[in-house]
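Let me begin by presenting the structure, written as structure tokens, before commenting on it.
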Amino acid sequence: MNTANAVRGRRSAKALLVVFIAALGAALTFGAGTASADEVDLDIYDYRISGNVKLNSEPLEDVRLTIAGNGHEVEVETDADGRWSVGVPSNEGPYSVTLDESTLPEGIAVVDESGEDPTPNVRDVEIGPSGSTVANFFIGRGERNTTTFADQLIERIVNGLNFGLMLALAAIGLSLVFGTTGLSNFAHGEMVTFGALMALLFSTVIDFPIWVAIPIAVILSAIFGYTMDLGLWRPLRKRGLGIVQLMIVSIGLSLALRYVFQLFVGGGTEQLEGSTAPDIEIWGPIKLSVIDMVSMATSIIVILAFAWWLQRTRIGKATRAVSDNPSLAAASGIDVDFVVRVVWIVAAALAGLAGVLWAYFRPGIKWDMGTSILLLIFAAVTLGGLGTAFGALIGALVVGMLVEVSSLWIPSDLKYVGALVVLIVILLFRPQGILGRRERIG
């Protein structure tokens, strides 16, 4: 009966996890807004058009844009974060947003990646039911994209591999925590952010070399995980809180940590040393910066080391035993509390390292950067099989590839959606995930 109740509890937790993932996706999709942009007429009109102007993810300031439509015309300039926002009197008919290329830095221009738009500096937008719309501009070096589809595909696959390896570090930690405790930790994104912020603190504020700051950030992330388990999760487990209650606590912790980070670092984007390193031609269309190559090599080495630890060491075998059946592991003499504590330390360290690599991949560090990939981390864990570390690795690689390759056919703003659609399709045919096991009652 206890086994049946435990299985029912895990099934309920999985169902709630799907619901929370959907809610989180909706929040990330519809809740994002423009903050501290250069604003014109927002206090006069009820409708809004806003956007960003960036060069390779770097904001461009004082770029002039003209918004015209319905007999109304207004000019605006971007702020220090490359953002702008204007109010307009009506939501009927299209508005044209024209970027004045003469206000761009010398040698760069608005680029149409498809090479088919003769006026890439002009966007036609319509205001939807929400009363607002967005017009973003991709800025390049003034050259049209004339590469073949095959070259683009190879380039996206390499980028997807890089992204998937980084995602795997965070997903493995989240999967370990779920496997040993049954907790779907929605504060895992903040553990990712914490690692990046610590690297920023020691490299920029304290002025340590970046190769010293990153190991310190990973160690502090591990200590952060140990502290959270010692001060929060273990006492709650001792009090007998169920999985659902613990999940709700993790959501509250996520919100609290997120705004604590914002309090200390503000709402802007900061860069780590070396984030603007130039790309090097590796082979054919494949171009990687030194940071990209170091990131991929680091991810592979850490994942191989983790696999050896999980398969060969005594504590790694104990972790697998607790993940498989905590009650049986405890009856066999394994100290479950000690194993769970080690898991929190390892998971936080992996999340912290993933945060540093994510800061280079984006590029940039922001107070909510972990939240932006939390949905993909959950997707990787669910796709690979809940509670299986190697499943999380495979799921992360699949998600990373899909995210990058799908942008060949769909707008880059929607590329995360493609990965989630594939996740849903796969789970329809294999609900337990790629490496997960079917559960039954009785």
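The values are calculated or read from the model by the stated rules, or taken from the named source; none is laboratory data. Small disclaimer: the values here were computed from a predicted structure and weren't measured. So basically every Cβ, Gly included, is an ideal-geometry build from the backbone, and we count neighbours across all protein chains shown.
Taking region 28-50 as the search range and keeping residues that are in a loop (DSSP other than H, G, I, E, B) and modelled with pLDDT under 50, which one is surrounded by the fewest Cβ atoms within 10 Å (Cβ to Cβ)? Among them, the one singled out is 31.
Taking the criterion of being more than 23 Å from residue 404 (Cα to Cα), modelled with pLDDT of 90 or more and either aliphatic (A, V, I, L, M) or outside the structural domain of residue 242 (by TED's automatic domain parsing) (or both), the residues of region 139-198 that qualify are 176, 177, 187, 191, 197, 198.
Scan region 226-246 for residues that are free of Cβ contacts under 8 Å to residues at least 24 places away in the same chain and not hydroxyl-bearing (Ser, Thr, Tyr) and the total you get is 9. For region 331-354, the count of residues that are touching a Phe, Trp or Tyr at 6+ places or on another chain (Cβ under 9 Å), in contact (Cβ under 8 Å) with a residue 24 or more places away in the chain, surrounded by fewer than 16 Cβ atoms within 10 Å (Cβ to Cβ) and within 27 Å of residue 196 (Cβ to Cβ) is zero. So, in region 87-105, of the ones that are among the polar types (S, T, N, Q) and in contact with a strand residue (DSSP E or B) (Cβ under 6 Å, 6 or more places away or on another chain), which residue ends up farthest from residue 56 (Cα to Cα)? So, considering only residues that are among the polar types (S, T, N, Q) and in contact with a strand residue (DSSP E or B) (Cβ under 6 Å, 6 or more places away or on another chain), the one farthest from residue 56 (Cα to Cα) is 91. Residues that are under 20 Å from residue 166 (Cβ atoms) and in the same structural domain as residue 210 (by TED's automatic domain parsing) number at least 3 in the following helices (runs of 4 or more DSSP H) confined to region 326-426: 336-361, 369-384, 389-406.
For every residue, the table says whether it meets (1) of a type outside the set (Phe, Trp, Tyr); (2) at pLDDT 90 or above.
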| position | (1), (2) |
| --- | --- |
| 202 | no, yes |
| 216 | yes, yes |
| 219 | yes, yes |
| 251 | yes, yes |
| 264 | no, no |
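When we screen 299, 275 for residues that are in contact with a Gly (Cβ under 8 Å, 6 or more places away or on another chain) and in contact (Cβ under 8 Å) with a residue 40 or more places away in the chain, the only hit is 275.
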